Amino acid sequence: MAASCETIHLLRKIFSEKVKYLDRVLLVLGLDGAGESSIIHAVSTNTTKSSSAPTHGFNSAQILHQGLWIELLEVGGSQNLRTYWNQYLKNGHIIVFVVDSTDSKRIHLARQELHWLLHEAPDLQLMVLAISRYK
């Protein structure tokens, strides 16, 4: 999956317009295989790659953008790793929830997980990215 230029531009716009503080943590979450690692790679390196293996644990990158240190933190999206999401919500400032819009078998599960996140962390800002993945 290659993150589109529009996605990268949108995330950079969020950094410059909404995040007006130092040291922010963006939690990049979604079901396994939705594209979270590709988003982190694209934003942190300003390049895209065609594919990446699912995250079996954690993935992070730090970027400096207009004087702001921003950490992009992914906690894997497999069923056993989703149980750890709530431990990171208290340290996050924004949730970027990634959905594979072509995964019709799991779109309902993605919706359930997103609703759970909204219930657990109602005060966090939220961005939902629907990614079209051609497998």
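Restricting to the stretch 103-119, and then to whatever is surrounded by fewer than 13 Cβ atoms within 10 Å (Cβ to Cβ) and more than 16 Å from the chain's Cα centre (by Cα), can you tell me which residue is modelled with the lowest pLDDT? Ranking the qualifying residues of the stretch 103-119, first place goes to Ser104. In a residue-by-residue description of the stretch 26-41, the property of being charged (D, E, K, R), closer than 16 Å to Met127 by Cβ and outside any strand (DSSP E or B) applies to at least one position. Considering only residues of the stretch 50-80 that are under 20 Å from Lys90 (Cα atoms) and among the small types (Gly, Ala, Ser), which is surrounded by the most Cβ atoms within 10 Å (Cβ to Cβ)? If we take residues in the stretch 50-80 being under 20 Å from Lys90 (Cα atoms) and among the small types (Gly, Ala, Ser), then Gly77 is surrounded by the most Cβ atoms within 10 Å (Cβ to Cβ). Scoring Thr47 on the criteria (1) surrounded by 15 or more Cβ atoms within 10 Å (Cβ to Cβ); (2) β-branched (Val, Ile, Thr); (3) assigned to a loop (DSSP other than H, G, I, E, B) leaves a single failure, condition (1). Restrict the check to the stretch 16-36 and report whether at least one residue is of a type in the set (Gly, Ala, Ser), under 19 Å from Glu113 (Cβ atoms), surrounded by fewer than 18 Cβ atoms within 10 Å (Cβ to Cβ) and at pLDDT 85 or above. No, the stretch 16-36 has no match at all.
The values are calculated or read from the model by the stated rules, or taken from the named source; none is laboratory data. Treat the numbers as computed from the prediction; the structure is a model and nothing was measured. Ideal geometry is used to build each Cβ from the backbone, glycine not excepted, and the neighbour counts take in all protein chains shown.
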